[in-house]
Amino acid sequence: MKRFLLTVGLFILGMKIPVYGNELIPLQVFTKFPQFQQLVISPTGEYLAAAVTKEDNTPLVTIIDVKNLQQLSAIEFKLGQLPSELTWLNNERLGIRISKKIGALDQPVGTAEYYVMNADGTDKEALWGILEKKRGQQGPAKYRTFMQILHLLPDDPKTILISVQGGSRGTASFTEAYELDIYSGNTKKVATAPIRAAYLLSDHNRNVRFALGTDEDDDNKLKSYYRDSNEDEWRLSGTYAGNEGTITPIAFTPDNKEVYALSNLDASTIGLVKLKPNSDEPELIYRNEKVDLRDVFLSQDMQLVSAKISPDRTYNKTLTDHNLAQWLDKLQATFQDDTINITSATKDESKLIVYVSSAKDPGAYYLFNTQSKEMQFLVNSSPAVNPDKMSEVQPFTITSRDGIELSGYLTLPNSNQKNLPLVVYPHGGPHGPRDFWTFDRDAQMLASRGYAVLQLNFRGSGGYGREFEYSGYRKWGLEMQDDLTDATKWAIESGVADADRICIYGASYGGYATLMGVVKEPDLYKCAIGYVGVYSLPMMFEEGDIPSSQSGINYLEQALGTDQEDLKKRSPAYNVDKIKAALFLVHGGKDERVPIEQAEFLMKQLDKRNYPYELLIKEKEGHGFYKEEHRLELYEKMLQFLEKHIGKA
């Protein structure tokens, strides 16, 4: 990607473009989280709002004047508060959702806290969360319930339509919808969902017309309800078992007569369809036969523009001749294989914020003027990263031993690309997540030190259709593990990897696959690094946040099975006698997703055998190390461990 430099844009926070020369890239480059998380433009194009992490890791949101790119105002938050979603609620008022991210590997979790501020910095306040009732406020004070925007109601700049899980007081068991005054905080209830924890969809006339929710009492089946208006009764419109496909409405057409939906009812992969609310026959708009459709892009007036797919790299598939679709095609031609995202647009779509990223670049934000056709660089999301010094990432496809097509990514050092020490790097999840052609800090760090890195989307991974994902159910440690073995052997046979210098490293489910790899293939891997990994499948039903709900228990029973002896056969901790590889175990003491009891049980089993292992535990860390100094220590010890057991390139 061509790199631009705009001194004014970078001067706002004093950022500098790094120059590494021929030296090793400092490890700190890979331990830093992105400093610019989001950048969105206001409806009139007068302001930019950015979520920023300062050098001292303090999170803030800043408002910037587009004319001179100077800061107008800012609001700071506490450590642990992550401004995760910025939304211009009208021409001058910004909404800020706060999430929390306890561990580096956890996805940000939305909280009840929602802040608002005017562009000039006035009237900053918590609009939703734990609030005292304001003087003169109508209705209840807002407690810790999760609020989600259903519609911005552009014809009413003071009001938005929201859904609230648990109701405004947190006492209702069914999701409710409200009209919310974004200045006073006053609410007016307009709908109650017919099923608990429902996802709601409204039309453009304030009618909440779809409700979807998982029925824990009916084997986690997804149930869909529909009505024509807020005055009508809900009626059940569909019941879906996940392995048979679902249909999820995402937006009404501008005339409210039809709805766009994501569906894999008639095929394995998720495609885009359009249907009339009372019809059972959706019209297929687009489906890719290999991969699921990821995102749908609609214009400001809710017209269809494009869909995003990731068969190898990530592309925008334009679906109409809308002006924005034409611009997307031209932007893609300009930036070639890079991933293009239009993150926001003015109401008249004359100005667009364009985010351009790749497997070598965490991404940069640009301001594109569709009238003058000028593209103005704004800022890099991770200013410490120099993309020109990062390693190439190549998509690949192999065929498994039983004839399944598998895809993945190979990151190769810039210095040498043959007969290399290899790190096999399975992703977490495993069902739902997948690896993409995107900037991966661990893979780039390892490649910067001379290691090839292999990432495979083994069966059970998300993104390749429901049949592919469900083919991994109850196959943990079996075919899912064989896929990783086949990919490792492919890397050896292709000449990329040295057969005597192979290590496997993964986190969460990837940690499970790492230890299971050295159990099943004791002569293939010389070493293994298990990071916050699952090592006992029976323990998954007893410890952590997954079995804390009935839906979590249902998932575990479906994905793993319930036969205790079978679960033990597929658990690394019950098979330590088969391990020959050197081990390095890493865990956080406050991990809620995969509690440290998993690592402790594995260590106990290893100790019984007097089998040695290296250990790094941080008592106050969660699911993945969050503190930068802890991530740096992890990288340093990983590299020492790798050099000791598979050497340098």
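No lab work stands behind these numbers, since they all come straight from the coordinates. Since the structure is predicted, the reported quantities are computational estimates derived from the model, not experimental observations. Please note: Cβ atoms are built from the backbone with ideal geometry, for glycine as well, and neighbour counts cover all protein chains shown.
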Please give the net charge around Arg206, taking every other residue with its beta carbon less than 15 angstrom from that of Arg206, where Lys and Arg add +1 and Asp and Glu add -1.
-> -4
Candidate lysines for bridging to Lys276, where Cα separation is under 26 Å - those fewer than 8 sequence places away on the same chain excluded = Lys221, Lys223, Lys257, Lys308, Lys317
Dipole in debye (nearest 20) - the range 391-646, about Cα centre, beta carbon charges: Lys, Arg +1; Asp, Glu -1 = 380 debye
Around Leu60, what is the net charge, scoring Lys/Arg as +1 and Asp/Glu as -1 over all other residues with Cβ under 14 Å from its Cβ?
-> 0
Taking the dipole about the Cα centre of the range 280-351, with the C-beta of Lys and Arg at +1 and of Asp and Glu at -1, give me whichever of Thr320, Ser299, Ala345 is farthest to the positive side.
-> Ala345
Treating cross-link reach as a plain straight distance, find the aspartates and glutamates whose alpha-carbon is under 13 Å from the alpha-carbon of Lys100, omitting any fewer than eight places away in the same chain.
-> Glu85, Glu113
When the gyration tensor of the chain is built from Cα positions, what are the square roots of 5 times its three eigenvalues, in whole Å, from largest to smallest?
-> 40, 30, 25
Computed about the Cα centre, the charge dipole of the chain from +1 Lys/Arg and -1 Asp/Glu charges at the Cβ has a magnitude in debye, to the nearest 20, of 1200 debye
What pairs in Lys78/Lys158; Lys590/Lys644; Lys520/Lys618; Lys54/Lys360; Lys32/Lys54 have C-alpha atoms more than 19 Å from each other?
-> Lys78/Lys158; Lys590/Lys644; Lys520/Lys618; Lys54/Lys360
Proxy reagent accessibility, fewest Cβ within 10 Å first, across Arg227, Arg459 = Arg227, Arg459
Range of Cα positions in the range 391-646 per principal axis (Å), largest first | 49, 40, 33
Fewest-first ordering of Glu597, Glu542 by Cβ atoms within 10 Å yields Glu542, Glu597
So what is the calculated 222 nm ellipticity per residue for the chain, using -39500 (n - 2.57) for each DSSP H run with n of 4 or more, over all residues, to the nearest 500 deg cm²/dmol?
-> -5000 deg cm²/dmol
For every other residue with a beta carbon closer than 14 angstrom to the beta carbon of Ile492, add +1 if it is Lys or Arg and -1 if Asp or Glu, then tell me the sum.
-> -2
Footprinting proxy, Lys578, Lys221: sorted fewest to most Cβ within 10 Å, the residues are Lys578, Lys221
